[in-house]
Amino acid sequence: ILSEQVEPKVIWQPRSTLRAAVSYRIGTKKNTVGTLDELHQQTAGIEGKYNSPNSGSYSAKFNYILMDYKGNANSLTAYEMMEGLTPGINYTWNVSLLRNLNNLMQLNLGYDGRKSEGRKIIHVASVQFRAFF
């Protein structure tokens, strides 16, 4: 699979603890073997992050993704090229919290979601606890 993409990003960071970004990615992927599937993808995204030196960090990200796929959309090649999404309009989002409980313990909470055209929302949550020795 040949892939080409460009992703300009504008980042605004008014202070060291706060950052916001807006991005736009355009790209193509081509299957050079077999069925010659082709994907044209556009992604517009926004993200923000807040860091607190004493407590941890908080971040959120949202993407609007437009997939124009030519080929069999139900194939393994399509799944790989579209990264699990489907042709048409897709949305992905992520929220995470990394919290320092004290000098030896850290808690990481994460939530990811995605919505594809004509499909139900998929939710994925994660919890990670770390102890430093």
Subject >> Most to least accessible of Trp12, Trp93 (protein chains only, probe 1.4 Å) >> reply: Trp12, Trp93
Original post:
Once log10 I(q)/I(0) by the Debye sum over Cα atoms at q = 0.09, 0.18, 0.19, 0.21 Å⁻¹ is worked out from the coordinates, which option in (1) -0.38, -1.02, -1.07, -1.17; (2) -0.25, -0.97, -1.09, -1.35; (3) -0.34, -1.14, -1.21, -1.33 does it equal?
Top reply: (1)
Original post:
Taking the chain as a Gaussian network, Cα atoms linked when under 10 Å apart, which of Arg25, Arg99, Arg15 shows the biggest mean-square fluctuation?
Top reply: Arg15
Original post:
So how do His123, His40 rank on accessible area, 1.4 Å probe, biggest first, that is with the largest at the start?
Top reply: His123, His40
Original post:
How much length is gained on full extension from Lys120 to Leu101, taking 0.36 nm per residue of separation minus their Cα-Cα distance?
Top reply: 3.3 nm
Original post:
How much accessible surface area, in Å² rounded to 10, belongs to the heavy atoms of Met105 with a 1.4 Å probe?
Top reply: 70
Subject >> Pairwise label distance in nanometres, Phe62 with Ser3, each label 7 Å out on the Cα-Cβ vector >> reply: 2.6
Subject >> Percent accessible area from carbon and sulfur atoms, the chain, protein chains only, probe 1.4 Å >> reply: 58
Original post:
Looking only at Thr43, Thr17, Thr92, which one moves most when the chain is put into a Gaussian network model with springs between Cα atoms under 10 Å?
Top reply: Thr17
Subject >> Surface per residue (accessible, 1.4 Å probe) for the range 24-133, Å² >> reply: 65
Original post:
Out of Leu18, Leu104, Leu39, any idea which swings most in a Gaussian network model of the chain, alpha carbons joined below 10 Å?
Top reply: Leu104
Subject >> Within the chain, helix-based [θ] at 222 nm, where runs of 4 or more DSSP H residues each add -39,500 (n - 2.57), nearest 500 >> reply: -1000 deg cm²/dmol
**OP:** Count the net charge of all other residues whose Cβ sits under 11 Å from the Cβ of Glu47, scoring Lys and Arg as +1 and Asp and Glu as -1.
**Re:** +4
**OP:** Name the shape class, rounded, prolate or oblate, that the alpha-carbon gyration tensor gives for the range 4-59, where a ≥ b ≥ c are the square roots of its eigenvalues, rounded holds for a/c under 1.5, and otherwise prolate holds if a/b is larger than b/c and oblate otherwise.
**Re:** prolate
Subject >> Cα-centre dipole for the chain with unit charges at Cβ (Lys and Arg positive, Asp and Glu negative), debye to 20 >> reply: 520
**OP:** Starting from the residue with the highest accessible area, list Phe62, Phe133 in decreasing order, probe 1.4 Å.
**Re:** Phe133, Phe62
Original post:
Using the beta-carbon distance between Val127 and Asn72 and R0 = 30 Å, what value does 1/(1 + (r/R0)^6) give for FRET efficiency, to the nearest 0.05?
Top reply: 0.20
Subject >> Neighbourhood charge, 15 Å Cβ-Cβ cut-off, centred on Ile122 and excluding it, Lys, Arg +1 and Asp, Glu -1 >> reply: +1
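The values are calculated or read from the model by the stated rules, or taken from the named source; none is laboratory data. Predicted model, so just to flag it, every value in this text is computed and none were measured. Virtual Cβ from ideal backbone geometry, glycine too; neighbours counted across all protein chains shown. Surface accessibility is based on the protein's heavy atoms, side chains included, excluding ligands, DNA and RNA. Shrake-Rupley method; radii C 1.70, N 1.55, O 1.52, S 1.80 Å.
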